[in-house]
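**Q** Pasting a structure here, questions to come.
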Amino acid sequence: MEGRIRVFKGIPYALPPVGAARWRPPQPASKWAGVKLATEFQPACLQTKPRLSNIYTRDPAPMSEDCLTLNIWTPADPQRAPVFFWIHGGALAGGAGSEPVYDGAHLAARGIVVVTINYRLGVLGWLAHPELSAESPLGVSGNYGLLDQIEALHWVQRNIGAFGGDPSNVTIAGESAGALSVMYLMAAPPARGLFARAIAQSAYMISTPELKQRKFGSPAAEESGSRLMAALHAPDLAALRAMDAGALTETAPAAGFAPWGTVDGQILPRQLVDVFDRGEQARVPLLAGFNSGEIRSLMVLAPRPPATAAEYESIIRDRYLDLAPEFLRLYPSTDMKESCIAVARDALYGWTAERLVRKQSGLGIASFLYLFDHGYPAADSAGLHAFHASELPFIFGTFDGTPPLWPKIPSTPQETRISEAMLDYWSGFARTGRPQAANEAAWPAYSTTREYLSFTDAPHPAHHLMPGMFELHEEVVRRSRANGNIAWNWSVGVASPKLPAQDGK
């Protein structure tokens, strides 16, 4: 018990995925007799140790291959309370549900049950390989981290009632790779019916490797797995399973492995853009948005400006063809650095957020768009206004839970107001499918006038977010899809491949 909030830490939801169970779908956790202590967080899933410090770095927590656990915060006496199921970010390679910034006490104080989870990361969570596909009854591999998330949702369906939660009112939510996971879950047939609403914060609907074929500029997922096995000098799957899990986790990135979902026709049936275009996603209310300064803390994702404005404009005209005038209107050469930051933000996060709510609202489902444009002195003075993930301590009310180098949030009435409003909006959405906050602006659902809520000094309703932004990037992605050999991701602006002309040639 922490105050009036009950906390249950480190509950196993699946058997340890070790030994022969490595790279296999998770199996439900065994039942236990008597009382099980749930007073300590359990280890994070294995991940590489940070080599450089940044605002996201904190001291490594204990890690283990045996890591499939979850944590629960409940009000003192919940009665069929809404369930907020949080999926951490970290590029599918890092993070944990036990991070202090995700402490669920303040959300639980608003009458909801909060669940945070661990799921397999990096090579242990996302490896595809022909031998793994051959041993699968479905003939597929990869997506083990996503299957962990689905198993955790099954655990919630079976057990959350004992904690006062309502299994028919589960909201899946996540930020960055957690929001990517939300989209995966919305697209995954095996996850259907396990949740009633979704929240995607800074999601990125980029092209995804396919299991057996090269497509959209990416090698087949199985091919990437075969390359990794060769680089590690493992003759077969048995040898790979026999490798030390920690050493494997550390060496796989250096050997070129990057974790992604896999379009396998079963767990992820097709590219996310196609799932949402065809209306095959989960038909649930959605809240989605992004931050105005996403890239300021992720400058590695921004293309490098050329030496001169003339060169910038020449490259854009060459790469974007008939789209160049609109590109240069939105991202002018007058401030190339800011334009490079803005185009990376919009191509990854802005376009995705609006696309998600457009597609859901097009199905007649109330959905809600936001822009987090709130700055505070320590962040703004560091050039990090509304940076990637900066909304998290406001949504969880965890100003004191951020990593050591995170710009410190002052406990002023201004910052407290934004946090209280976001806690209300998010918990209100989990409760009813409508984000509402006491004594704050009404948040309009997205419709033909493209309403959204802007978080600046306070929540402000507005409409037509960044006019022209969505249309430009939607057309870029449309042409890339039609071409079949071009990825849509962070290779944008002066780093973009040459796009096909309007007729696809």
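Just so it is clear, none of the values below were taken in a lab; they were calculated from the coordinates. Remember, it's a predicted structure, so these values are computed and weren't measured experimentally. So basically every Cβ, Gly included, is an ideal-geometry build from the backbone, and we count neighbours across all protein chains shown.
**Q** Cysteines of the chain lacking any other cysteine beta carbon under 4.7 Å?
**A** Flagged as lacking a Cys partner: Cys340.
**Q** Sticking with this structure for a sec: Sort the following peptides by mean Cβ neighbour count (other Cβ atoms within 10 Å, averaged over residues), highest first: 298-310, 474-486.
**A** Ranked from most to least packed, the peptides come out as 474-486, 298-310.
**Q** Rounded to the nearest Å, what's the spacing between the alpha carbon centres of region 28-56 and region 357-423? Just the number, please.
**A** Computed from Cα coordinates, the inter-centre distance equals 26 Å.
**Q** Of Ala382, Trp406, Ser419, which is farthest on the positive side of the dipole of region 373-463, counting Cα position, with +1 on Lys and Arg Cβ, -1 on Asp and Glu Cβ, and the Cα centre as origin?
**A** Ser419
**Q** Okay, next question. Would you work out the charge dipole size for region 50-132 about its Cα centre, treating the Cβ of every Lys and Arg as +1 and the Cβ of every Asp and Glu as -1, and quote it to the nearest 20 debye?
**A** So the magnitude is around 240 debye.
**Q** Please say if region 220-315 is rounded, prolate or oblate, where rounded means a/c under 1.5 for a ≥ b ≥ c the square roots of the C-alpha gyration tensor eigenvalues, and otherwise the choice is prolate for a/b larger than b/c and oblate otherwise?
**A** Cα axes put region 220-315 in the oblate bin.
**Q** For the chain, what is the mean residue ellipticity at 222 nm derived from helices alone (per DSSP H run of n ≥ 4: -39500 (n - 2.57); sum divided by total residues; nearest 500 deg cm²/dmol)?
**A** Here the helix-only value at 222 nm equals -9000 deg cm²/dmol.
**Q** Below 20 Å, Cα to Cα, which aspartates and glutamates can Lys212 reach? Residues fewer than 8 away in the same chain don't count.
**A** Hits, sequence-local ones excluded: Glu131, Glu135, Glu222, Glu223, Asp236, Asp264, Asp274.
**Q** Can you put Cys67, Cys340 in order of Cβ neighbours within 10 angstrom, beginning with the fewest?
**A** Listing Cys67, Cys340 from fewest to most nearby Cβ atoms yields Cys340, Cys67.
**Q** What do you get for Rg/Rh of region 260-326 when both radii come from the Cα atoms and Rh is the Kirkwood radius?
**A** That ratio equals 1.13.
**Q** Among all the lysines, which ones have a C-alpha under 19 Å from Lys498's C-alpha, if same-chain residues fewer than 8 places away are not counted?
**A** Lys215
**Q** Now for a different question. Taking every alpha carbon pair in the chain, what does the distance histogram look like in 10 angstrom bins from 0, in percent?
**A** Pairs per bin, as whole percents: 4, 19, 30, 28, 14, 3, 0, 0.
**Q** Under unit Cβ charges (Lys, Arg +1; Asp, Glu -1), what dipole magnitude, rounded to 20 debye, does the chain have relative to its Cα centre?
**A** 820
**Q** Mind checking the full-extension length gain between Arg51 and Arg192? Use 0.36 nm per residue of separation minus the Cα-Cα distance, one decimal, nm.
**A** Full-extension gain reported as 46.9 nm.
**Q** When we measure straight from the Cα of Lys9, which aspartates and glutamates land under 17 angstrom away, once same-chain ones fewer than 8 places off are left out?
**A** Glu40, Asp66, Glu99, Asp103
**Q** Express the Stokes-Einstein translational diffusion coefficient of region 373-463 in µm² s⁻¹, to the nearest whole number, given a Kirkwood radius over alpha-carbon pairs, 37 °C and a viscosity of 0.692 mPa s.
**A** D, rounded to a whole number, is 237 µm²/s.
**Q** A follow-up question, please. Identify the trypsin sites (Lys or Arg not before Pro) of region 235-308 meeting these criteria: DSSP loop state and at most 12 other C-beta atoms within 10 Å of the C-beta.
**A** Arg278
**Q** In percent, how large is the relative contact order of the chain, given Cα pairs closer than 8 Å and 6 or more residues apart?
**A** Here the relative contact order equals 16 percent.
**Q** Something else now. Whole Å is fine, so just give me how far the alpha carbon centre of region 252-293 lies from that of region 105-126.
**A** 19
**Q** Percent antiparallel among DSSP beta bridges with both residues in the chain, to the nearest 5?
**A** 35
**Q** About the Cα centre, and with charges only on the beta carbon of Lys, Arg (+1) and Asp, Glu (-1), how big is the dipole of region 373-463? Nearest 20 debye, please.
**A** Roughly 220 debye, rounded to the nearest 20.
**Q** Most exposed first by the Cβ proxy, i.e. fewest other Cβ within 10 Å, how do Val284, Val113 rank?
**A** Final ranking by Cβ density, sparse to dense: Val284, Val113.
**Q** Quick check: Cα centre of region 177-197 to Cα centre of region 460-505, how many Å?
**A** 25
**Q** Of Val494, Phe257, Phe163, which is farthest on the positive side of the dipole of the chain, counting Cα position, with +1 on Lys and Arg Cβ, -1 on Asp and Glu Cβ, and the Cα centre as origin?
**A** So the residue we want is Phe163.
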